[in-house]
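What follows is a set of notes on a single structure, which appears directly below.
No value in this document is a laboratory result; all are computed from the given coordinates. Keep in mind that what you see is a predicted model, and the values were worked out from it rather than measured. Using ideal geometry, Cβ is built from the backbone for each residue, glycine included, and neighbour counts are taken over all protein chains shown.
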């Protein structure tokens, strides 16, 4: 599976956020502030999972069928966005 640069950058940002949370913990920041950051990290990871699985699905479909990437993206958008 090919991973694009944007997805790798998203993971790197999340890694930086995790280090930030550790720094907050070491500096005795308020629990609520740490929770807010952890929720942001969770959201970022959930988004990365969605991107990764969607891209994997698109690659699998286009590699094994005579279907363009655009057609697959359009079908996925119909499912996800209802458009």
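Observations on the model:
- Inter-site label distance for residue 13 and residue 71 at 7 Å from Cα along Cβ, in nm: 3.3
- Across the range 5-81, C-alpha contacts under 8 Å between residues 6 or more apart give a mean separation that, scaled by the residue count, equals a relative contact order of 28 percent.
- Computed extension gain for residue 47 through residue 22, at 0.36 nm per residue and net of the alpha carbon distance, reaches 6.8 nm.
- The chain: angle of helix 69-81 to the longest principal axis, Cα-based, in degrees nearest 10: 60
- Inverting the pair-averaged 1/r between distinct Cα atoms of the chain gives 14.9 Å as its Kirkwood hydrodynamic radius.
- Once the Cα atoms are used to define both axes, helix 5-26 deviates from the longest principal axis of the chain by about 20 degrees.
- Computed [θ] at 222 nm, deg cm²/dmol, the chain (DSSP H ≥ 4; -39,500 (n - 2.57); rounded to nearest 500): -29000 deg cm²/dmol
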